[in-house]
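Scroll down for the structure; my scribbles are underneath it.
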Ligand code: CA
């Protein structure tokens with residue numbers, strides 16, 4: 001599936017073990033991956049590479065994930081990129097804030113990769129159907 005293998009997912013996550021695990025599984029399912037270890041690096045990579053989807057941790061060095069989310073949504077080039085927040089913060093208030101800041105989905109840690117993959121695929125499908133009339 002050439003189309004799927006071209007999709008780039010930016011993982012903004014400071015926990016090395018978790019980002020490696022995410023990369024391993026996402027690459028296994030045909031995605032290209034890129035990791036940023038703090039909020040500032042994440043913003044830079046997002047602007048430079050324009051990924052197809054962003055997986056965003058909240059408790060990040062330098063810039064908090066909620067602020068990263070807000071800044072991404074204010075950037076014209078990446079406003080349309082789906083953002084999936086993946087955080088240990090599990091209160092309803094935090095989830096609402098994340099979605100209010102422009103995130104498309106919110107998952108709490110610990111998580112099962114199968115569910116994350118399913119949500120990633122759904123977000124990319126939704127985005128694909130908005131930007132194209134082709135059914136692929
Ligand atoms: Ca973190």
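Per residue, the average separation of C-alpha pairs within less than 8 Å and at least 6 apart gives region 8-126 a relative contact order of 23 percent. If you wrap the chain in the convex hull of its Cα atoms and look at it from every side, the mean projected area works out to 7.7 nm². The convex hull built on the alpha-carbon positions of region 8-63 has an orientation-averaged projected area of 3.3 nm². Taking 7 Å steps out from each Cα toward its Cβ at residue 99 and residue 47 produces label points 3.0 nm apart. The modelled label-to-label distance for the pair residue 112/residue 25, using points 7 Å beyond Cα in the direction of Cβ, is 1.0 nm. Compared with the direct C-alpha span, the chain from residue 79 to residue 121 gains 13.2 nm at full extension, assuming 0.36 nm per residue.
Coordinate-derived values only; no laboratory data. Keep in mind that this is a model prediction, so the values were computed, not measured. FYI the Cβ positions are ideal-geometry reconstructions off the backbone, even for glycines, and counts take in every protein chain you see.
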